[in-house]
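Take a look at the structure below.
The values are calculated or read from the model by the stated rules, or taken from the named source; none is laboratory data. Every value quoted in this text rests on a predicted model; they were computed, and no experiment measured them. All Cβ positions, glycine included, derive from the backbone under ideal geometry; neighbour counts span all protein chains shown.
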Amino acid sequence: MSSRSILIFFCLLMIGISAEAKISGDEKKDQNKYVNSTGDGENGWEAGISRRVLSPTTDVWLAGYGTRRTIEEKVHDIWAKVLALKDPRGKQVVMVTTDHQGMSRLIYEDLFQKLNERFHLDRSEFMLTFSHNHSGPRLRGDLVDYYPSDDEEDKRVDEYSDWMEGQIIEAVAEALNNLQPVDMFKGEGECDFAVNRRDNKESEVPELLAAGKSLKGVTDHYVPVLSLKNKDGKLIALLFGYACHPTTLSGNQLLGDYPGFAQINLENRYPGVTAMFFNACGADMNPLPRRTIELCEKYGKMLSDAVEEVIEKPMFPVSPGLRSAFRFVKLNYEEVVTVEKLKPLTTGGSDIQSRWARRMLNVLDKGLVLPSAYHYYPVMAWQLGKELLFIGTGGETVVDYSLRFKREYGVGNTWVFGYTNTMVAYIPSRRVWEEGGYEGGPHLDEYGHPAWRWAGDVEDQIAKGVHEVVRKARKKK
């Protein structure tokens, strides 16, 4: 175990301790507002868009599968992209999307503190969302026990993470310094390659699809799309999402998986456009079948085709106005690990479990107490005009969360973001928690938590937090 890994854990521990779019009722009343607008910039919105290449130039490992995967080939670059929005009252928010597997709380806090000091953004005004791409570089503090790392690799990860943070900060500055009048429009399409991996065996999916048989399990195949046009009517940015793991590939290639191909396709189709992807609640969804570059390109094209179909049809204008809210939610653990349960794992567990157990024992040997809860699960809400609600949830939320909050707040006007701000862990719904399995069972150790499972009220606590931030974001001042 490297000294850097120990330091990261202590930092984390101390932090812990201390289809066609379905139209809602309101939209049905205003269907006459659906227009193929050329945009005139008179809507009241201002937006700034920027981007930075984040492809590593050193031998930092690839993230996501817990093995030593060095980059042997770059298929295409990975990116950070920034969308800054400002309403007529001067309220500003910033969204950063990246092609990474996950951002640790260490990185999120570092970015937020720098953005707060430099641009006076509060937590509710900054959304960091990552695609969960498994073909991008590792980052500091994420899945610290997952990899057979050493001091040399930790140093490379630290250096890359520092450089990445600097690039993101400068990209935010560029976006905020180059605001321009825009019109915004929303719509939803559909794309069906995501498969519920809990209810379908991967090896059986190709045969089932070839036979035209239906697959099992709940999914969320909606593709939400936000388009921005400048005062000349030119399309300048697209934000779109999908609920599915970007795990088509697992080799030694650097790329953005299917979201990377989808963004490239759209930027080639619409020159001058910045296309930004967010992962919705896709923790229990996989792109199946998979494991070939041809399938990766195919899924990227399916997704970009779905986006293109939306923006080539009339979309619904988003009226100006921004309100935001944020809070941390306390999530209880089912049972905190003990010395008696940890010691056998140091030699008899998997490699990941052994590294985790040794690190936990090191903490206990120093007289520290392992926390009984995680106090910093992030939830946030942005209300854009009267027509669109963004809900941000941390970690790997299963599809039930998206379906629930869209049911509660409106299918046509609610977008639920997973993988937002911090890569906390898998976040099961009550249903998934009761069923167990990989997403709902005893696997928190893989994320460095001092427990194997969340308590059974995890969905209740998150829902309470989401209800609170939505209420605040919708409250008129």
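Pull out all pairs, ordered by first then second residue, where Cβ-Cβ is under 7 Å, the residues are six or more apart or on different chains, the first lies in the range 347-359 and is on the phi > 0 side of the Ramachandran plot, and the second is among the aromatic types (Phe, Trp, Tyr).
Correct list of pairs: empty, since none qualify.
Of the conditions (1) in a helix (DSSP H, G or I); (2) within 12 Å of ALA283 (Cα to Cα), TRP433 satisfies every one except a single condition; which number is it?
For TRP433, the failing item is (2).
Determine which member of the set VAL93, VAL82 is among the aliphatic types (A, V, I, L, M), surrounded by fewer than 23 Cβ atoms within 10 Å (Cβ to Cβ) and modelled with pLDDT of 95 or more.
On inspection, the qualifying residue turns out to be VAL93.
Inside the range 455-469, can you point out the residues that are buried (at least 16 other Cβ atoms within 10 Å of the Cβ) and over 18 Å from GLY418 (Cα atoms)?
ALA455
Yes/no per residue for (1) among the aliphatic types (A, V, I, L, M); (2) outside the structural domain of ALA243 (by TED's automatic domain parsing); (3) in contact with a Lys or Arg (Cβ under 9 Å, 6 or more places away or on another chain); (4) farther than 28 Å from THR274 by Cα:
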position	(1), (2), (3), (4)
THR67	no, no, no, yes
LEU111	yes, no, no, no
ASP122	no, no, no, no
ARG140	no, no, yes, no
ASP154	no, no, yes, yes
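Looking at PHE126, PHE130, PHE112, can you tell me which residue is under 25 Å from LYS476 (Cβ atoms) and aromatic (Phe, Trp, Tyr)?
PHE126
Right, THR219: over 30 Å from GLN92 (Cα atoms) and surrounded by 19 or more Cβ atoms within 10 Å (Cβ to Cβ) or not?
yes
Taking PRO317, is it assigned by TED's automatic domain parsing to the domain that holds GLY395 and closer than 28 Å to ASN133 by Cβ?
no
Among the residues of the range 193-224, which ones are of a type outside the set (A, V, I, L, M, F, W, C) and closer than 30 Å to GLY385 by Cα?
Correct list: THR219, ASP220, HIS221, TYR222, PRO224.
Here is a check on your reading of the model: is GLY260 within 17 Å of the chain's Cα centre (by Cα) and not basic (Lys, Arg)?
Spelling it out, GLY260 is indeed within 17 Å of the chain's Cα centre (by Cα) and not basic (Lys, Arg).
When you scan the range 178-235, how many residues do you find that are of a type outside the set (Lys, Arg), touching a strand residue (DSSP E or B) at 6+ places or on another chain (Cβ under 7 Å) and part of a loop (DSSP other than H, G, I, E, B)?
Final tally of qualifying residues: 9.
If you check every pair at least six apart or on different chains, which have Cβ atoms under 7 Å apart with a residue in the range 253-274 that is on the phi < 0 side of the Ramachandran plot and small (Gly, Ala, Ser) first and a residue that is surrounded by fewer than 21 Cβ atoms within 10 Å (Cβ to Cβ) and not in a helix (DSSP H, G or I) second?
GLY256/HIS76; GLY260/HIS76
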